[in-house]
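Trainee: First the structure, then my questions, so here it is.
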Amino acid sequence: MMRALIQSDLMKVKKMVWLMMVAFPAGLIGLQAVNYSLRLDHLLGLHDDYWYFLLENVHIFWPTVLVLTLTLIVSLFASVEHETHTWTTLFSLPVNNGKIYLSKLAIILTVLIGSSVLFVIFSLILGLALGFGSDLPLMAASQMSLYTYIAVLPFVFLQFWLSMGFTNQGVALTTGIANAVFIMYAVDLPTWLPWRWPLLMDGITSGAPDIFYGLGTGAALMVITLIHLTRKDVAA
Amino acid sequence: MGNQTYLLETNDLTKTYKGTKVVNGLSLQLEEGEIYGFLGPNGAGKTTTIRMLLGLIKPAKGNVTVFGKDLTKERIAILKQIGSLVESPSYYPHLTGKDNLETLRKILQVPKSRITEVLEMVRLTKMADRKVKEYSLGMKQRLGLAASLLGRPKLLILDEPTNGLDPAGMIEIRELIRQLPAKYGMTVLLSSHLLTEIDQVATKVGIIAKGEMIFQDRIEVLREKASRKLHVQMDDWETGQKVLSSHGIETARHDNWLTMPNQPDGKIAEIVKELVYSGLNIYRVSEEIASLEDIFLNLTKGEETL
């Protein structure tokens, strides 16, 4: 049944989702490409390990961009149903209500993985283009991308709850965009605040303990969100 | 009543929104093969009731039994055999009509050929490959109906299915609905705020007003209420009443009007003749036709519509 639901959901996905999955990481790497091309000598002088320094640089804005991406993607998935009042039809089908949400969640998480993988690929391409050599930092790049992904999970579930639970996407979008912006200034926050976790302040390749916070908080939020969404009355 | 098994039965169904009882103690019984017309003015609680029948919202009190199963316990098993169209038809405008049905077909797990069948049934085959955003309201409504038929349901729940259709479309859909019980063994629950709509297809009627069921019986019983009456105005009603009762006709009086059930033409001529021979002056003889619409309005009298 999950497979049928996912296939059904995939049919409804708007092209915009795929565009955003590619465009956001591409845009961010594009900005770094401009940054590097303008002041290459200066940047190369700041750190001995060109590759590692490049990854640190591209990562600076990645948490913000990723939260922005997930906010918009989750909202798109929700508005496909909200705008057309299809929740009623969906929940009148002989399927467990939770599975209807889980199917959407599975696709959203996969799209975000896709975006994260593309981010790694684009980063490596930039490094190669800058002539950093063929000794690709695959491990470090994957760690950086994966840890960020895990650390933003609480935001995924928060947005999922806001977008799916309320017809008006204004609240969800405002919250998501505010969070995305706030992350940029979260450097000095105490370690227990979720905005700080995706910044990977202990280094982009040493995720702990922030990613464990992210994983734990994410799992807790997911359970709460799904319980609330499946128990509430289906909106008109 | 008690030991009879209904296809769908609700018991004391109540839904409260912010302290107001939107649906109040509703008991609804639906037998197999019936077309049940669920009638009520706007805001009477029809859609809320239907949402409870589908388990979309939870009743504050009471229970719903479908196919002899408790809705709260065996919701998914029950929904497998229900097709529904609630309020405005829902569709994905960026997909074609066929793809819209395909998203549901995948979940219902019926063969692909069923899509062609239901499109044929609602006469939408020609438009099947167009995007739904190009559809007219009537076409969307048909698509919604097609979607509700997709899973070969035993029970079809349609909330205002002819909303937004032009007269020709209404007749067509009505015809389709009328055939469903005999042709496909379906039982239909059909809601509407228009009596004429229900009158022409339903075998049983339930009328709801302010969340309460105020009438539930076969449509013929409702039609009987619409029987005609004969009024005769005369100078001396007392003599008139005696004359008529000696002929076995009971009358009611209002001023100098006598009211009686409608009579065949010959009988009316006889009545008038008798009254004249008794020396009475007949001023007026008139007939009152209460339409079903009047009865509906009378039954729901004083209910403000929303």
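The values are calculated or read from the model by the stated rules, or taken from the named source; none is laboratory data. Owing to the predicted nature of the structure, the values given are computational and were not obtained by experimental measurement. We place every Cβ from the backbone using ideal geometry, glycine too, and count neighbours over all the protein chains shown. Just the protein is used for accessible areas: all its heavy atoms, side chains included, with ligands, DNA and RNA removed. Shrake-Rupley method; radii C 1.70, N 1.55, O 1.52, S 1.80 Å.
Trainee: For B:ASP217, state whether it is touching a Leu at 6+ places or on another chain (Cβ under 7 Å) and not hydrophobic (A, V, I, L, M, F, W, C).
Mentor: In short, no.
Trainee: For the stretch B:70-91, indicate whether the set of residues that are in contact with a strand residue (DSSP E or B) (Cβ under 9 Å, 6 or more places away or on another chain) and more than 14 Å from chain A (Cβ to nearest Cβ) is non-empty.
Mentor: Yes - at least one qualifying residue is present in the stretch B:70-91.
Trainee: Being in contact with a strand residue (DSSP E or B) (Cβ under 8 Å, 6 or more places away or on another chain) and either among the polar types (S, T, N, Q) or closer than 30 Å to B:THR16 by Cα (or both) is the filter here, so list the residues in the stretch B:220-250 that pass it.
Mentor: Quick first cut of the stretch B:220-250, residues in contact with a strand residue (DSSP E or B) (Cβ under 8 Å, 6 or more places away or on another chain) only: B:222, B:227-235, B:237, B:240-241, B:244, B:249-250.
If the condition is that a residue be in contact with a strand residue (DSSP E or B) (Cβ under 8 Å, 6 or more places away or on another chain) and either among the polar types (S, T, N, Q) or closer than 30 Å to B:THR16 by Cα (or both), then B:LEU222, B:SER227, B:GLN233, B:GLN241 are the ones that fit.
Trainee: Could you tell me whether the stretch A:105-116 includes any residue that is over 14 Å from A:VAL156 (Cα atoms), at pLDDT 95 or above and of a type outside the set (S, T, N, Q)?
Mentor: yes
Trainee: Here is a further query. Out of curiosity, is A:VAL58 under 30 Å from B:THR103 (Cα atoms) and away from every other protein chain (no Cβ under 14 Å)?
Mentor: Values: under 30 Å from B:THR103 (Cα atoms): no; away from every other protein chain (no Cβ under 14 Å): yes.
So A:VAL58 does not fit the description; no.
Trainee: Continuing with this model, one more query. Given the stretch B:193-254, what strands (runs of 3 or more DSSP E) lie entirely inside it while holding 2 or more residues that are within 30 Å of B:TYR283 (Cα to Cα) and open to solvent by 20 Å² or more (accessible area, probe 1.4 Å)?
Mentor: Ranges flagged: B:229-234, B:252-254.
Trainee: Check whether at least one residue in the stretch B:61-79 is assigned by TED's automatic domain parsing to the domain that holds B:GLY185, open to solvent by 50 Å² or more (accessible area, probe 1.4 Å) and of a type in the set (A, V, I, L, M, F, W, C), and report yes or no.
Mentor: Yes, the stretch B:61-79 has at least one match.
Trainee: Sticking with this structure for a sec: Would you check which residues across the stretch A:10-22 are facing chain B (nearest Cβ under 8 Å) and crowded, with 18+ Cβ neighbours inside 10 Å and list them? Please lay out each step first, then the result.
Mentor: Kept after step one, since they are facing chain B (nearest Cβ under 8 Å), are these residues of the stretch A:10-22: A:11-12, A:14.
Result: A:LYS12, single match.
Trainee: If you don't mind, there's one more thing I want to ask. I'm checking my understanding of the structure. Among residues of the stretch A:83-115 that are open to solvent by 10 Å² or more (accessible area, probe 1.4 Å) and away from chain B (no Cβ under 14 Å), which one is farthest from A:LEU162 (Cα to Cα)?
Mentor: Taking the candidates together, the pick is A:GLY114.
Trainee: If you take the residues in the stretch A:207-218 that are open to solvent by 50 Å² or more (accessible area, probe 1.4 Å) and without any contact (Cβ under 8 Å) to a residue 24 or more places away in the chain, which one is nearest to the other protein chains (Cβ to nearest Cβ)?
Mentor: A:PHE212
Trainee: Looking only at residues that are part of a helix (DSSP H, G or I) and of a type outside the set (A, V, I, L, M, F, W, C) in the stretch B:118-130, which one is surrounded by the most Cβ atoms within 10 Å (Cβ to Cβ)?
Mentor: Of everything passing the filter in the stretch B:118-130, B:THR125 is surrounded by the most Cβ atoms within 10 Å (Cβ to Cβ).
Trainee: Does A:ASP202 satisfy being over 20 Å from A:VAL80 (Cβ atoms), under 18 Å from the mean Cα position of the chain (by Cα) and at pLDDT below 95?
Mentor: Spelling it out, it is not the case that A:ASP202 is over 20 Å from A:VAL80 (Cβ atoms), under 18 Å from the mean Cα position of the chain (by Cα) and at pLDDT below 95.
Here's the yes/no breakdown for (1) within 27 Å of the chain's Cα centre (by Cα); (2) in a helix (DSSP H, G or I):
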position: B:ASN42; (1), (2): yes, no
position: B:LEU56; (1), (2): yes, no
position: B:VAL64; (1), (2): yes, no
position: B:ALA77; (1), (2): yes, yes
position: B:PRO89; (1), (2): yes, no
position: B:ASP99; (1), (2): no, yes
position: B:ILE107; (1), (2): no, yes
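Trainee: Take the residues in the stretch B:283-305 that are over 19 Å from the mean Cα position of the chain (by Cα) and open to solvent by 50 Å² or more (accessible area, probe 1.4 Å), then tell me which one is modelled with the lowest pLDDT.
Mentor: B:GLU304
Trainee: Just a yes or no: is a residue in the stretch A:165-177 surrounded by 20 or more Cβ atoms within 10 Å (Cβ to Cβ), away from chain B (no Cβ under 14 Å) and either touching a strand residue (DSSP E or B) at 6+ places or on another chain (Cβ under 6 Å) or not in a helix (DSSP H, G or I) (or both)?
Mentor: no
Trainee: List the number of the failed condition for A:MET2; all other conditions in (1) in contact (Cβ under 8 Å) with a residue 12 or more places away in the chain; (2) under 26 Å from A:ALA151 (Cβ atoms); (3) not charged (D, E, K, R) hold.
Mentor: Failed condition: (2).
Trainee: Could you check, for the stretch B:131-138, whether at least one of its residues is open to solvent by 10 Å² or more (accessible area, probe 1.4 Å), in contact with a helix residue (DSSP H, G or I) (Cβ under 9 Å, 6 or more places away or on another chain) and polar (S, T, N, Q)?
Mentor: no
Trainee: Right, here's the next one. Just one of the numbered conditions (1) open to solvent by less than 30 Å² (accessible area, probe 1.4 Å); (2) over 26 Å from A:HIS228 (Cα atoms) is not true of B:SER84; which one?
Mentor: For B:SER84, the exception is condition (2).
Trainee: Of all residues in the stretch A:44-62, which are open to solvent by less than 80 Å² (accessible area, probe 1.4 Å) and farther than 19 Å from A:LEU136 by Cβ? Spell out how you get there, then give the answer.
Mentor: Step one: filter the stretch A:44-62 for residues open to solvent by less than 80 Å² (accessible area, probe 1.4 Å), giving A:44-45, A:47, A:49, A:51-59, A:62.
Listed by number, the list holds a single entry, A:GLY45.
Trainee: Another question about this same structure. Among the residues that make up the stretch B:133-155, is at least one of them in a loop (DSSP other than H, G, I, E, B), under 19 Å from the mean Cα position of the chain (by Cα) and among the basic types (Lys, Arg)?
Mentor: Scanning the stretch B:133-155, I find at least one residue that is in a loop (DSSP other than H, G, I, E, B), under 19 Å from the mean Cα position of the chain (by Cα) and among the basic types (Lys, Arg), so the answer is yes.
Trainee: Follow-up. So how many residues does the stretch B:1-45 have that are touching a Ser or Thr at 6+ places or on another chain (Cβ under 7 Å), open to solvent by 10 Å² or more (accessible area, probe 1.4 Å) and under 14 Å from B:GLY211 (Cβ atoms)?
Mentor: Count: 10.
Trainee: From B:ILE157, B:ILE107, B:ILE173, B:ILE115, grab the single residue that is within 14 Å of chain A (Cβ to nearest Cβ), within 30 Å of B:GLY43 (Cα to Cα) and buried (at least 19 other Cβ atoms within 10 Å of the Cβ).
Mentor: Going through B:ILE157, B:ILE107, B:ILE173, B:ILE115 in turn, just one is within 14 Å of chain A (Cβ to nearest Cβ), within 30 Å of B:GLY43 (Cα to Cα) and buried (at least 19 other Cβ atoms within 10 Å of the Cβ): B:ILE157.
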